[in-house]
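Presented below is the structure to which this report refers.
All of the numbers you see were taken from the coordinates with simple rules; none came from a lab. Treat the numbers as computed from the prediction; the structure is a model and nothing was measured. Here the Cβ is made from the backbone with ideal geometry for all residues, glycine too, and neighbour counts use every protein chain on show.
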Amino acid sequence: MLILLGVWALGYLVPSLLLGILMNIQVPQWLAFGHVYVLFGLYFTWYWTRTGQTLAMQTWKVKMVGENNELLNRGQALIRYAISSLWLIPTVLIYILFKYVFLSPLGHWPTIELLFCMILLFWPLTCLFDRQNPQGAQSIADRLAKTKLILVPQK
């Protein structure tokens, strides 16, 4: 998590602060979200296509590979990232539902963060629904992107 915080700080926070301080420009929220989404996408796809492991995955001794245990190509990595980030959609839909349909805003960041965490917690549990290969169960993102996580043998 600290690595992603560093990627976010260098890739988003520093440029945003410089724009704000030097040019008095505040980036719209949708553009800021898009910037962070693309930034994290670049981080994950770069590591998955080069070594199959992000820095955190190296610690956990797991590797992201294709169906034949080969490194991911750029297309596979982008598909894997896009599908694995779909957990954002239910959170946004719940927020919109409460704000515009029920006319009862859920609050600001603490509530939104709670929704993100709840859905993010349940998204990886989709592995439990994989009946094709119960021993090496795959998440929805892995199944659709034709990728899998494997354990890296200890040296």
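Things worth noting here:
- Only one residue of Thr45, Asn24, Leu151 has its Cα farthest out toward the positive end of the dipole of the chain, where Lys and Arg carry +1 and Asp and Glu -1 on Cβ, and that residue is Leu151.
- Among the lysines of region 2-151, pairs at least eight places apart or on separate chains and with Cα atoms under 25 Å apart come to 4.
- With θ taken as phi - 60° and the Karplus curve 6.51 cos²θ - 1.76 cosθ + 1.60 applied, the whole-hertz 3J(HN,Hα) list for region 14-29 is 4, x, 5, 5, 5, 4, x, 6, 7, 10, 6, 10, 10, 6, x, 4 Hz, x standing for glycine and proline.
- The helix-based estimate of mean residue ellipticity at 222 nm for the chain, built from -39,500 (n - 2.57) per DSSP H run of four or more residues and divided by its residue count, is -16500 deg cm²/dmol to the nearest 500.
- Put in line by how crowded their Cβ is, counting other Cβ atoms within 10 Å and starting with the fewest, Leu10, Leu55 read Leu10, Leu55.
- For semi-axes √(5λ) of the Cα gyration tensor in Å, computed directly from the structure shown, the correct entry in (1) 29, 17, 14; (2) 31, 23, 13; (3) 26, 21, 14 is (2).
- Here the label points at Phe122 and Ala9, each 7 Å from Cα along the C-beta direction, are separated by 3.4 nm in the simple model.
- Relative contact order (%) - criterion: Cα under 8 Å, at least six apart; region: the chain: 24 percent
- Computed lengthening from Arg131 to Leu114, 0.36 nm per intervening residue step minus Cα-Cα distance: 3.1 nm
- Residues Arg74, Arg131, Arg143, Arg80 arranged by fewest to most Cβ contacts within 10 Å: Arg131, Arg74, Arg143, Arg80
- In terms of the mean number of neighbouring beta-carbon atoms within 10 Å, the peptides 91-99, 26-34 order highest first as 91-99, 26-34.
- For region 2-151, the Cβ-based charge dipole about the Cα centre amounts to some 260 debye (Lys, Arg positive; Asp, Glu negative; other atoms uncharged).
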